[in-house]
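Peer 1: One structure, pasted below without further comment.
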């Protein structure tokens, strides 16, 4: 999905302002560096690029926010209620729109969000080859498989982009090192990885990848294990007790896994009791931290499980 096509989701006024910037002000290739478009009621329109942000001289009105939300929801906000309650809507192409406003709860459960005040468009990008530097740490050529791997970074460091490319490469196989393609079961809960649209993946996730989208990761993993006999299970942003239970079920079934989680260090991810339990069980054979301070997709540290004493060491 060409990046310019995302502009159609904005209010008519916002669309004109953004298109005017890219057509008459920005450098010819600047759109490739666009990562986010943030609109906030009664605040300036902000474009975030990989190396900077641009504050445009346009104040977003409440009407702009509402009209944009209506376009995102195809003029049927009610039909998107479940996604709105989750705090985001995924668009065709894998672009993700974060939503904030007044949260309505009932018995500690979010049942609605009204008076929407902010929308954050996060631009999805497929970068083929960005996972290449990760492969040497993850692939086990001795048994033509992979190591159970957890990719960790703070938000915005590119772990989902790397994960998407890893799925593609491992699914297709890597002829140059004699690695055969493997059946992958991908749980794409938010539709950001494969970006399924009417049953067709908008992103290339490989020829041997089966996708379950719009389903909780824990349920999706169990469904794929039973129905598609994957050799590898993949899920983005794990963290719940149910996620970890599903991962243990997969590993006990002889299935390998690649997962991601938020954090900046082993200490950070250990704050989450479920992930802490996962690390203590030593299910993960590799933990790769992405460097959020450098270019997206760069490796900061790699921890490998030392089989001799069941501890993680820097690799």
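Peer 1: Can we say residue 83 is surrounded by 13 or more Cβ atoms within 10 Å (Cβ to Cβ), closer than 23 Å to residue 188 by Cβ and without any contact (Cβ under 8 Å) to a residue 12 or more places away in the chain?
Peer 2: Yes.
Peer 1: Further, regarding this structure: Tally up the residues in region 254-278 that are surrounded by 20 or more Cβ atoms within 10 Å (Cβ to Cβ) and out of contact with any strand residue (DSSP E or B) (no Cβ under 7 Å at 6 or more places or on another chain), please.
Peer 2: Residues flagged as surrounded by 20 or more Cβ atoms within 10 Å (Cβ to Cβ) and out of contact with any strand residue (DSSP E or B) (no Cβ under 7 Å at 6 or more places or on another chain) within region 254-278 amount to 1.
Peer 1: Can you say whether residue 191 is touching a strand residue (DSSP E or B) at 6+ places or on another chain (Cβ under 9 Å), under 30 Å from residue 63 (Cα atoms) and in contact (Cβ under 8 Å) with a residue 40 or more places away in the chain, as far as the supplied structure shows?
Peer 2: Numbers: touching a strand residue (DSSP E or B) at 6+ places or on another chain (Cβ under 9 Å): yes; under 30 Å from residue 63 (Cα atoms): yes; in contact (Cβ under 8 Å) with a residue 40 or more places away in the chain: yes.
Yes.
Peer 1: Another one. Quick check, is residue 119 part of a strand (DSSP E or B) and closer than 24 Å to residue 195 by Cα?
Peer 2: Details: part of a strand (DSSP E or B): yes; closer than 24 Å to residue 195 by Cα: yes.
Answer is yes for this residue.
Peer 1: Which helices (runs of 4 or more DSSP H) sit wholly inside region 1-87 and have at least 3 residues that are more than 22 Å from the chain's Cα centre (by Cα) and farther than 23 Å from residue 193 by Cα?
Peer 2: 12-24, 62-72
Results for (1) under 12 Å from the mean Cα position of the chain (by Cα); (2) on the phi < 0 side of the Ramachandran plot; (3) surrounded by fewer than 24 Cβ atoms within 10 Å (Cβ to Cβ), shown as yes or no for each residue.
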position	(1), (2), (3)
151	yes, yes, no
161	yes, yes, yes
164	yes, yes, no
182	no, yes, yes
187	yes, yes, no
198	no, no, yes
201	no, yes, yes
213	no, yes, yes
222	no, yes, yes
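Peer 1: A further question on this structure: For region 119-143, enumerate the residues that are closer than 18 Å to residue 74 by Cα and surrounded by fewer than 18 Cβ atoms within 10 Å (Cβ to Cβ).
Peer 2: 120
Peer 1: Oh, and also: Conditions: (1) without any contact (Cβ under 8 Å) to a residue 40 or more places away in the chain; (2) closer than 22 Å to residue 296 by Cα. Residue 35 meets all but one. Number of the miss?
Peer 2: Condition (1) is where residue 35 drops out.
Peer 1: With respect to residue 59, determine if the residue is crowded, with 16+ Cβ neighbours inside 10 Å, farther than 17 Å from residue 114 by Cα, in the same structural domain as residue 100 (by TED's automatic domain parsing) and touching a strand residue (DSSP E or B) at 6+ places or on another chain (Cβ under 9 Å).
Peer 2: no
Peer 1: Next question, about the same structure. Kindly check whether there is at least one residue in region 235-248 that is over 18 Å from residue 272 (Cα atoms), at pLDDT 95 or above and either under 20 Å from the mean Cα position of the chain (by Cα) or not assigned by TED's automatic domain parsing to the domain that holds residue 90 (or both). Steps first, answer last, please.
Peer 2: Keep residues of region 235-248 that are over 18 Å from residue 272 (Cα atoms), which gives none.
No; the residues of region 235-248 include none that is over 18 Å from residue 272 (Cα atoms), at pLDDT 95 or above and either under 20 Å from the mean Cα position of the chain (by Cα) or not assigned by TED's automatic domain parsing to the domain that holds residue 90 (or both).
Peer 1: Where in region 169-285 are there helices (runs of 4 or more DSSP H), lying wholly inside it, with at least 1 residues that are touching a helix residue (DSSP H, G or I) at 6+ places or on another chain (Cβ under 6 Å) and under 24 Å from residue 124 (Cβ atoms)?
Peer 2: Fully inside region 169-285 and qualifying: 217-228, 241-252.
Peer 1: Within region 251-271, work out how many residues are within 19 Å of residue 216 (Cα to Cα) and at pLDDT below 95.
Peer 2: Residues in region 251-271 being within 19 Å of residue 216 (Cα to Cα) and at pLDDT below 95: 2 in total.
The values are calculated or read from the model by the stated rules, or taken from the named source; none is laboratory data. This is a predicted model, so every value here is computed, not measured. Heads up, the Cβs are rebuilt from the backbone with ideal geometry, glycines too, and the neighbour counts pull from every protein chain shown.
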